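Here's the structure, in structure tokens; my notes come after.
The values are calculated or read from the model by the stated rules, or taken from the named source; none is laboratory data. Keep in mind the model is a prediction, meaning the values are calculated, not measured. Note that we place each Cβ from the backbone using ideal geometry, even for glycine, and neighbour counts take in every protein chain shown.
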């Protein structure tokens, strides 16, 4: 299964334009449609003006489709994604405002409330080869196929997958690993088991030691449910603010 449509919200902040460029580069080999979505909020700017402004930022207008809507930013992003049945939303970690704690409120909200996976791109991250992917395996079996449909974007780099099991017994871990192997062509998969206690610091250590380029986790997993929205936005983001995060929200549409 391949992703056919990707939604990238654009607020014209430097970080959102960077997220759009990031997406265009990774999506072109997959022939996925990229929608650059701008949400107007009581603005006097016209749709034509927004499209022209976007064309100034991204010269090759054949690489994306500009969309302009009116309304609440977070709600309209989720609504449009559902309307076109997109397979992925790509968001910059910070919005038009200057956020100081890593992930903007809009990004954090969408990452927990969207019905499709969300890829969060740190402000200064640019296109590069993705060689090491860390999957925090709170996933249920029915999400595995969706996970690898997105990881297809990085197949051409032949990355190593690190499967991190938090508080799972050996039999449960092996079952999940077997399902993952059946769902992908990846030859290099390494499993890591860690206890539930103090796992955030352990994850940070693994990220640094394994030179991780992409982190994937399920936002609705048991390890995240008891945290506040702000804390959930920051999970796996301690000193690693330049690593893209692929989040599977609680309301994921299967």
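Yes or no, residue by residue, for (1) within 15 Å of the chain's Cα centre (by Cα); (2) modelled with pLDDT of 65 or more; (3) surrounded by 13 or more Cβ atoms within 10 Å (Cβ to Cβ):
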site	(1), (2), (3)
174	no, yes, yes
178	no, yes, no
190	no, yes, no
211	no, yes, no
223	no, no, yes
234	yes, no, yes
245	yes, yes, yes
249	yes, yes, yes
Inset, instruction - Pick out the one residue from 27, 55 that is without any contact (Cβ under 8 Å) to a residue 12 or more places away in the chain, part of a helix (DSSP H, G or I) and touching a helix residue (DSSP H, G or I) at 6+ places or on another chain (Cβ under 9 Å). - result: 55
Inset, instruction - Enumerate the pairs (first residue in the stretch 69-84 and under 10 Å from residue 106 (Cβ atoms); second residue anywhere and exposed (fewer than 13 other Cβ atoms within 10 Å of the Cβ)) with beta-carbon separation below 9 Å, excluding pairs fewer than 6 apart on the same chain, so at least 6 apart or on different chains. - result: 72/41; 73/41
Inset, instruction - Starting from residues that are in contact with a helix residue (DSSP H, G or I) (Cβ under 6 Å, 6 or more places away or on another chain) and modelled with pLDDT under 75, keep the ones in the stretch 101-126 and report whichever is surrounded by the fewest Cβ atoms within 10 Å (Cβ to Cβ). - result: 102
